[in-house]
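Contents: one structure, followed by commentary.
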Number of protein chains: 2
Amino acid sequence: MAVTMNDVARAAGVSLKTVSNVLNDYEFIRPATKQRVQDAIAELGYEANLTARSLRSGKTSMLGLVLSDLSAPYYAELASKLMKAAAQRGYRVLVEQSDAEGSVELNALQGPFRQLTDGLLFTPLAIDADAVAARVGKKPLVMLGEHIVDPRFDLVTMKNREAAAAITTHLLSSGRRRIAVIGAHPGESTGSAGLRLNGYRTALEEAGVPFDPALVAPAVWRRDNGATALAGLLDAGVRFDAVFGLNDVLALGALHELQIRGVRVPQDVAVAGFDDIDEARFASPSLTTVSPGMDEIAERSIGLLLDRIAGNETAATGVHVEAGFELKIRESAP
Amino acid sequence: MAVTMNDVARAAGVSLKTVSNVLNDYEFIRPATKQRVQDAIAELGYEANLTARSLRSGKTSMLGLVLSDLSAPYYAELASKLMKAAAQRGYRVLVEQSDAEGSVELNALQGPFRQLTDGLLFTPLAIDADAVAARVGKKPLVMLGEHIVDPRFDLVTMKNREAAAAITTHLLSSGRRRIAVIGAHPGESTGSAGLRLNGYRTALEEAGVPFDPALVAPAVWRRDNGATALAGLLDAGVRFDAVFGLNDVLALGALHELQIRGVRVPQDVAVAGFDDIDEARFASPSLTTVSPGMDEIAERSIGLLLDRIAGNETAATGVHVEAGFELKIRESAP
DNA sequence: TTTCCGGGATACATCGTTGCAGAGAAAGGC
DNA sequence: GCCTTTCTCTGCAACGATGTATCCCGGAAA
């Protein structure tokens, strides 16, 4: 049996509630009493039972993080930073992998997962705003990413359009004119893929370069798909002098395929990505990409969520935060 | 207020305890009663309160996973697989990042983190077996990795020595004679670094190739350190025709540095790694490495831990499991 | 001296479950 | 027809903490 508050109370010769008061920094306790209780706690090695505390208080000190796949480098790095930011403020993060399955996402909103957490960081991929709205209870929820942009929800995101436009402009300014895009999600206009593609088109337009749909290859955002999508373009005889992978793993997969085929990077084809995962810096050649301000995203989203939980943030409508971005010009597209 | 068992009981016209019995699949309930309770549950949208259940039962249905850094690809992939394996059996995984800090590791063994979980998957890096033994309570703990190999603890690991020897032999068999090693941890003999280095030396010995300490570069296992360590060797004028990174990110960092310096891989220098992270397949050139059976490790460690929790595994001494390995011969060292 | 006030401590109920013990009814054995 | 066993369901206590209400006491005010 573990040591309980009762044991401490007995040892200190005070009531149960006084021990509780000491632990919760209640204002009016005589210093001597407080000391006695603290000594007893130290002596017995008492540790508060978090489960009991949760039951009574209704708080768990855990935040939920729903994402598709923790093994994707972007999510792994993000999760790591979120956990550190949360830990600094006394919270833990419980991760749920959805595999982009709608059913999992829905369950995360109302099932046991929700119960275990005081608030949710949610990266929806399969469900839409109304589905979320219908199921989200009164517990705070902050959207991450851009699949759902809706005034009803708090949102922390990045400048997808602007950053994609900036990197496209960079490619254009180095003389590239036929820039293939890998990782489009046809029909999508709000998600990351849609916004980044939009940024790409905006940049082309500004530069007066015509948009060629043949250059756009759809792909689910995984490394292997980056390679196959690029292979598809080459095999179809599409000609291009640059590749913009809508995220880094796609770009790296494409880079790999180019090198297999003996296409020189950046001489024959320049390659750019998006995310600036650790790996991008050390690819061969190193990958030109966009750093979307992951540190800022982690800090702000944890901050916003905790403000909602504490009731410090009271905006009736969703707060939208956009982190800044930074181009990382490297060897693959100088 | 959420719907409680009491509400369900009232709605179904049975006692609180009967509802509990239905939920816990108690044997002796009339089908009609069971049905009535289930209907009431469905109608009211009742969901069991996990916190209350935990308090009463002493189980949380969560497993703890302690590792140094979730953003390291190997750990990210492992965590992802562990979470999936656990989810299949009705458990969640709560991750704690230790940053290889002893204090964090110790706290994970006894603090709140331990309380929140029914069992621990532990990758110790900073503390030793006695420190663990002194603090580990009665809750099950399974060691992952090889920093601590001790008959007192359950352990799921990989064939570090054998696999490292196999890949070294592969390099030797392709004619390489001076194989640099990156990522050694001086003075360590039991951890992954120590065992893999040991395997390397064994293979050299068997092949009758002399061991040259100058070829061994220490490095903490991160990509950037792989690059700097390799640069150090080159700058020191050490000559070699192959590089064995003790894990993949080290090898990839080294690969990057080689390419910056214009060293051709594999023509001038072959490169091999260890872990077979997703990235290895798509590096340029693709990375020869060892797949350490991560799926098996994930399955077996979750299985073992849950067996301990359920009391199905009763061996008084630690159970040691070693997953099989497989060489992945790719372009960087054909 | 009495009254009032606020600091300092306490008792009790409560959060929503599950374990234990037991009650009542039906079924089986002689 | 009685006793035992099996089934079905119930009530109460308990898990370990916190919120509310209350009580006691010493000093200030009347």
Count of the range A:266-301 residues which are among the charged types (D, E, K, R), under 17 Å from residue A:252 (Cβ atoms) and surrounded by fewer than 22 Cβ atoms within 10 Å (Cβ to Cβ): 2
Lone unmet requirement of (1) touching a residue at least 12 places away in the same chain (Cβ under 8 Å); (2) over 29 Å from residue A:250 (Cα atoms); (3) away from DNA strand C (no atom under 16 Å from the Cβ) for residue A:69: (2)
Lone unmet requirement of (1) of a type in the set (D, E, K, R); (2) touching a helix residue (DSSP H, G or I) at 6+ places or on another chain (Cβ under 8 Å); (3) more than 8 Å from DNA strand D (Cβ to nearest atom) for residue A:10: (2)
Unique residue being under 43 Å from the mean Cα position of the chain (by Cα) and more than 9 Å from DNA strand D (Cβ to nearest atom) when the list is B:55, B:23: B:23
Residue in the range B:73-87 that is surrounded by 21 or more Cβ atoms within 10 Å (Cβ to Cβ), among the hydroxyl-bearing types (Ser, Thr, Tyr), in a loop (DSSP other than H, G, I, E, B) and within 14 Å of another protein chain (Cβ to nearest Cβ) present: no
Residue ID - nearest to DNA strand C (Cβ to nearest atom), chosen from residues in the range B:1-44 that are under 27 Å from residue A:139 (Cα atoms) and outside any helix (DSSP H, G or I): B:4
Some residue of the range A:74-81 being more than 15 Å from the chain's Cα centre (by Cα) and on the phi < 0 side of the Ramachandran plot: no
Residue in the range B:92-107 that is assigned to a loop (DSSP other than H, G, I, E, B), surrounded by 17 or more Cβ atoms within 10 Å (Cβ to Cβ), in contact with a Phe, Trp or Tyr (Cβ under 9 Å, 6 or more places away or on another chain) and of a type in the set (Lys, Arg) present: no
Near pairs, Cβ below 9 angstrom, 6+ apart or cross-chain, from the range B:45-58 (among the charged types (D, E, K, R)) to any residue that is in a loop (DSSP other than H, G, I, E, B) and within 6 Å of DNA strand C (Cβ to nearest atom): B:47/B:2
Unique residue being under 31 Å from the mean Cα position of the chain (by Cα), within 25 Å of residue A:292 (Cβ to Cβ) and within 14 Å of another protein chain (Cβ to nearest Cβ) when the list is A:196, A:222, A:201: A:222
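From B:246, B:304, grab the single residue that is among the hydrophobic types (A, V, I, L, M, F, W, C), assigned by TED's automatic domain parsing to the domain that holds residue B:204 and crowded, with 19+ Cβ neighbours inside 10 Å.
Values: B:304 fails: assigned by TED's automatic domain parsing to the domain that holds residue B:204.
Result: B:246 is the single residue among B:246, B:304 that is among the hydrophobic types (A, V, I, L, M, F, W, C), assigned by TED's automatic domain parsing to the domain that holds residue B:204 and crowded, with 19+ Cβ neighbours inside 10 Å.
The values are calculated or read from the model by the stated rules, or taken from the named source; none is laboratory data. Everything numeric here is computed off the predicted structure, so don't read it as measured data. We place every Cβ from the backbone using ideal geometry, glycine too, and count neighbours over all the protein chains shown.
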